[in-house]
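Everything on this sheet refers to the single structure shown next.
Bear in mind these aren't lab numbers, they're just calculated from the coordinates by the rules spelled out. Computed from a predicted model, the values in this text were never measured in an experiment. Every residue, glycine among them, receives a Cβ derived from its backbone with ideal geometry; neighbour counts consider all protein chains shown.
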Amino acid sequence: MKCPQCDFENEEGSKFCENCNALLYKQEISKYNPYLKKTKEKIEKEEKIRAEVKSEIEKEKNKSSLGMGCLGFLVLVIIVYFIMFNPFTSQEKETQPSIINLNASVRFTGTQFIIENDDNFDWLNVKMEVNGSFFKSGFILETDRMEAGETYAVGALQFAKKDGTRFNPVTYKPQKFDISCDTPKGENAFWTGSWE
């Protein structure tokens, strides 16, 4: 005889379940006793509710495990990033040249960028970029050298994207300006500024 509570198979004629100690009902008794019949219906209704709740819990577990999987993947990506690009590890300090900040200032007059090299060394292999971002290239101008202590007036239309589109101050507003270059000692140097 199957237990209505836990589905455990008991010996025929048992009054209580050997597994959960629930009262066992025979089909013949429930036909004649309306109280037992109602109790059995109530038990079936409760089992249905339990099954629905269990189903909902499983759905929530699946959702949370998917979220945890995504979170785990993100943590793994961050760890790999820091292992590969961490400037504080001794191996990378030995193999990569040091990075320094440039002493520069950049102003925009409406048609020209005024760029000052306030360092005591020349900037070599200079790349200047207007409105660039981490994911998208901006308008770029490259030159071999910008001498120490000098001020340069560069027309906005000299900056161009890879597809040839020029930085037109009528169409575009400068928001960010980046300078990257090499120093005479072979170091990588950077400067970033922005406008509101």
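If packing is taken as the mean number of other Cβ atoms within 10 Å per residue, what is the order of 115-126, 162-173, highest first?
Values: 115-126: 17.8, 162-173: 11.2.
Top of the packing list down: 115-126, 162-173.
Rg to Rh for the range 98-194: what is it, with Cα atoms only and Rh by Kirkwood?
That ratio equals 0.95.
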Legend entry - Low-density loop positions, GluC sites (Glu not before Pro), the range 121-154 - DSSP coil, at most 14 other Cβ in 10 Å: GLU147, GLU150
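Averaging sequence separations of C-alpha pairs under 8 Å and six or more residues apart, then dividing by the length of the range 120-196, give the relative contact order as a whole percent.
On the way: 144 pairs, mean separation 26.2, N = 77.
Rounded, it is 34 percent for the range 120-196.
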Legend entry - Members of LYS127/LYS162; LYS127/LYS185; LYS15/LYS45; LYS15/LYS59; LYS127/LYS176; LYS2/LYS45 lying beyond 25 Å, as alpha-carbon distances in this model show: LYS15/LYS59
Inset, instruction - List the residues of the range 152-170 whose backbone N lies under 11 Å from a point placed 7 Å from the Cα of TRP195 along the Cα-to-Cβ direction. - result: 156, 169-170
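Please work out the FRET efficiency for the pair THR151 and THR171, using the Cβ-Cβ distance as r and a Förster radius of 30 Å; give the result to the nearest 0.05. Present the calculation step by step, with values, prior to reporting the outcome.
Numbers: r = 26 Å, r/R0 = 0.88.
Rounded to the nearest 0.05, the efficiency is 0.70.
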